[in-house]
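Written out below as structure tokens is the structure these notes cover.
Please treat every number below as a calculation from the coordinates, not as lab data. Small disclaimer: the values here were computed from a predicted structure and weren't measured. All Cβ positions, glycine included, derive from the backbone under ideal geometry; neighbour counts span all protein chains shown.
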Amino acid sequence: MKTVSHWIGGKSVEGASGNWGPVTDPATGAVTTQVALASVEEVDTAVAAAKAAYATWGTSSLAQRTSILFRYRALLDARRDDIAALITAEHGKVHSDALGEVARGLEIVELACGITTQLKGELSTQVSSRVDVAAIRQPLGVVAGITPFNFPAMVPMWMFPLAIACGNAFVLKPSEKDPSAAVLLAELAAEAGLPDGVLNVVHGDKVAVDALLAHPDVAAVSFVGSTPIARYIHTTASAHGKRVQALGGAKNHMLVLPDADLDAAADAAVSAAYGSAGERCMAISAVVAVGAIGDELVAKIRERAEKIVIGPGTDPASEMGPLITKAHRDKVAGYVTGAAAQGADVVLDGTGHTVEGYEDGHWIGLSLLDKVSTDADAYRDEIFGPVLVVLRTETYEEGVALINSSPFGNGTAIFTRDGGAARRFQLEIEAGMVGVNVPIPVPVGYHSFGGWKDSLFGDHHIYGNDGVHFYTRGKVVTTRWPDPADAPTGVDLGFPRNH
């Protein structure tokens, strides 16, 4: 059986705790790999390696950092298929979806390659007689990232490339459910010339997480995951004096107005709700149909959803793969089987779906629930699976009020042909990311990603300008130098005297 080890100090380090976690192929249900689960002592070793590396990396030139990052970007580009194959093998998403994940991660590597512009600072001269003021940004030291199973390559790349470009050393704790992609990312960084210890990977469970949150040499923690854990990460790490950005869960809505192109809206709803098997925090999980269009919109969504091909991610014909674990599959199915009792019309029930030849895989089909109440579990909870709920409102105002009453505020979208309505929506809606006729409004790398309310704990969004600010701290330097002409008698600098 394959074993996944830690990556500490620029080399693979076998697990010493004696604890191992199973890694499953979601398409077959078979355990294919075991991953080492770190002890507190192993986390300490990784942090110590990062601290030692920071002593020189933190003062390295921007030219050295960017040259390494440019080589890293080239290696990642050349190994896209290999990274995607590891994602498919351990997460289950189809290969094309995995390639898309790698591409989105590469955007942040490219942003990091241009860090020289992001770290330029500011200068004001002559704020007073012979007084200049400069604002600069410096790295924090050792920073950590705790990343989720659903994007095992992309989310780590949202964190560590920017962190190390800013001069920090990084300790990554990826999901123990699909850890191999993270190790390959670290190996390629070493191949690009990243000094030993600047990027470390420790696998583990709550023991490793808590060790990072409490470690006195970890200055900041980045996290992406569910809202309860994000709240815990923020509270615990903040109590230990750390800077924290903790991105939580979501219930993303898509408001469809009566004037919308319903074919385009249905296409968007299907791709946004069921892509990556719904296992993404930016999935559209709730469609709000305004006015009399509800029946027609639901019919169009159903027509498209029934054509989606479900199968193993290694099959080029597959458009959606399995869920990550059997337990998660059963949890998602529970929302569908209980929906009718809570008043929903079950338009599509995917809970009985199987794939021939892969009967033990973690399969579930596409589910569509119509006329769902805001009190229903399928609406209130983040399901994180291929379940789309449809709610009905009579007016735009009712739709916006419904969305704004949600405790989540990650992303939302509106579908309309009316520019005025779209403008009102983007100003009135209480969410961190808004799409206008765009179902999944994930910002490009040079803008920042993050939600509002229970979807984000901390003051900084991830990547973009917020990411640079999170991984650095500001310093203002006020300088006053005497004019050389005022030098004391006997000191000749070649300047004429002022008398």
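Think of segment 189-313 as having a plus end and a minus end, set by charges on the Cβ of Lys, Arg, Asp and Glu; of 233, 193, 248, 233 sits farthest toward the positive end of this dipole. Around the amide H of residue 8, modelled in the peptide plane, lie the amide H atoms of 13, 201, all under 5 Å away and 5 or more residues distant in sequence or on another chain.
In order along segment 284-292, the Karplus-derived 3J(HN,Hα) couplings, from 6.51 cos²θ - 1.76 cosθ + 1.60 at θ = phi - 60°, round to 7, 10, 9, 9, 10, 8, 9, x, 8 Hz, and Gly and Pro are given as x. The helix-only estimate of mean residue ellipticity at 222 nm for the chain, built from DSSP H runs of length n ≥ 4 each weighted as -39500 (n - 2.57), is -11000 deg cm²/dmol after division by the residue total. Annotation: amide H of residue 255 within the under-5 Å range of 288, 413, 414, 415, sequence separation 5 or more or interchain, hydrogens built in the peptide plane.
Here the Karplus curve 6.51 cos²θ - 1.76 cosθ + 1.60, taken at θ = phi - 60°, turns the phi angles of segment 89-96 into couplings of 5, 10, 9, x, 5, 5, 4, 5 Hz, with x standing for Gly and Pro. Average 1/r across all pairs of distinct alpha carbons in segment 1-88, invert it, and you get the Kirkwood radius: 15.8 Å. For segment 305-390, compute Rg over Rh where Rg is the Cα radius of gyration and Rh is the Kirkwood radius from the inverse mean 1/r over Cα pairs. Rg divided by Rh gives 0.98.
In the chain, Cα pairs under 8 Å separated by at least six residues give a relative contact order of 18 percent.
Mind scanning 453/475; 11/51; 242/475 and naming the pairs with a C-alpha gap bigger than 22 Å? Result: 453/475 exceed 22 Å. Shown in residue order for segment 388-393 are the 3J(HN,Hα) couplings computed by the Karplus curve 6.51 cos²θ - 1.76 cosθ + 1.60 at θ = phi - 60°: 10, 9, 10, 10, 10, 9 Hz (x for Gly and Pro). Sorting the segments 188-194, 90-96, 113-119 by their mean number of nearby beta carbons within 10 angstrom, highest to lowest, gives 90-96, 188-194, 113-119.
Rg over Rh for segment 400-482 works out to 1.18, using Cα positions for both radii and the Kirkwood form for Rh.
Under 5 Å from the amide H of residue 455 lie the amide H atoms of 409, each residue being 5 or more positions distant or on a separate chain, with H modelled from the backbone and absent for Pro and chain starts.
Protection proxy ranking of 404-412, 416-424, by the mean of other Cβ atoms within 10 Å over each peptide's residues and highest first, is 404-412, 416-424. For the cross-link pairs 2/177; 93/300; 326/371, which exceed 22 Å when the distance is taken from alpha carbon to alpha carbon? Pairs exceeding 22 Å: 93/300; 326/371.
Normalised by 2.2 N^0.38 Å, where N is the number of residues, the C-alpha radius of gyration of the chain stands at 1.09. About its Cα centre, segment 332-394 has a charge dipole of approximately 180 debye under the convention of +1 per Lys or Arg Cβ and -1 per Asp or Glu Cβ, with nothing else charged. Each other residue within a Cβ distance under 13 Å of residue 189 adds +1 if Lys or Arg and -1 if Asp or Glu, for a net charge of +2.
May I ask for the net charge around residue 399, where only other residues with Cβ less than 11 Å from the Cβ of residue 399 are counted and Lys, Arg are +1 while Asp, Glu are -1? Before the final figure, lay out the partial values.
Values: positive: 392; negative: 394, 397, 398, 428.
Net charge in that neighbourhood comes out at -3.
About the centre of its Cα atoms, the chain shows a dipole size close to 1580 debye [charges on the beta carbon of Lys, Arg (+1) and Asp, Glu (-1) only; nearest 20 debye].
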